[in-house]
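Notes to accompany the following structure.
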Amino acid sequence: MEASKQNRQEYVTEILSRLDERYGTEKETFDFPQPWQQLVGIILSAQTTDRQVNQVLPQLFGTYGTPAELGKADVGEVMEIIRPVGLHKTKGRNIIACCRRLEEEFGGAVPQSIQELLRLPGVGRKTATLCLADVYHIPGVTVDTHVFRIARRLGWARGKTPAAVEKELEAVLPRTHWNRINFQLVEHGRTICSARKADCKICPLTPWCEKKGVEKQHEERNP
């Protein structure tokens, strides 16, 4: 369905309401509250779940209690601790280098700007916006693969890059919803609207979804 500008805003409001009802409005954070610990957790969470990350954090932070300590850690020992989260070699090198940079340039404090965060090893725009939202509650739309895919299916965005979709979503969504759209669509993408299959029959968003690309997906599975 093609939505007029007025109808689209109504659709957005309805969809956000359904997302709030199904997935809640507060994201579960990592069990360790210090900003640098949250940042490390976010870096480790790439292509895995927060639950899996929380399983390795007690040993990681029990062994290395400050950014300075983790920044000087033996990379092999760190890799072994975080092995269960996947990509442990890359992530191990990144969190050590990130903590070293935090200590050297920011006195161990996590910066509060996108530009400064992007100077840290292992921190891309997705990690930076998520860090600002989770640690400092600074409004921002975090676009990962789930948000990118579902925003386009909903008809909220047409951009071909995460940066373009981020800008489009900032224009579509009320600012008060920016920080929670990521965890809501991540969960929605994992349970209902996956890359391989959009399970529209059970989706609570179906009445307001434009289903961009979904019809083609169904045709390819059922020639």
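Descriptive notes on the structure:
- Residue among Ala171, Ala163 that is among the small types (Gly, Ala, Ser), outside any loop (DSSP other than H, G, I, E, B) and over 21 Å from Ser17 (Cβ atoms): Ala163
- Leading residue by the ranking (nearest to Cys203 (Cα to Cα)) among those in region 23-61 that are touching a residue at least 60 places away in the same chain (Cβ under 8 Å), among the β-branched types (Val, Ile, Thr) and outside any helix (DSSP H, G or I): Thr25
- The residues on offer are Ala73, Ala68, and the sole one that is more than 28 Å from Leu173 (Cα to Cα), outside any helix (DSSP H, G or I), among the hydrophobic types (A, V, I, L, M, F, W, C) and more than 21 Å from the chain's Cα centre (by Cα) is Ala73.
- Among the residues of region 93-119, the one identified as free of Cβ contacts under 8 Å to residues at least 40 places away in the same chain, part of a loop (DSSP other than H, G, I, E, B) and hydrophobic (A, V, I, L, M, F, W, C) is Leu118.
- Looking only at residues of region 17-35 that are modelled with pLDDT of 95 or more, surrounded by 14 or more Cβ atoms within 10 Å (Cβ to Cβ) and over 17 Å from the mean Cα position of the chain (by Cα), we find that the one that is farthest from Pro121 (Cα to Cα) is Arg18.
- Residue selected from region 187-204 under the condition at pLDDT 95 or above and surrounded by 21 or more Cβ atoms within 10 Å (Cβ to Cβ), by the criterion farthest from Ser17 (Cα to Cα): Cys193
The values are calculated or read from the model by the stated rules, or taken from the named source; none is laboratory data. As the structure is a computational prediction, the values presented were derived from the model and not from experiment. Positions of Cβ are backbone-derived with ideal geometry, glycine not excepted, and every protein chain shown enters the neighbour counts.
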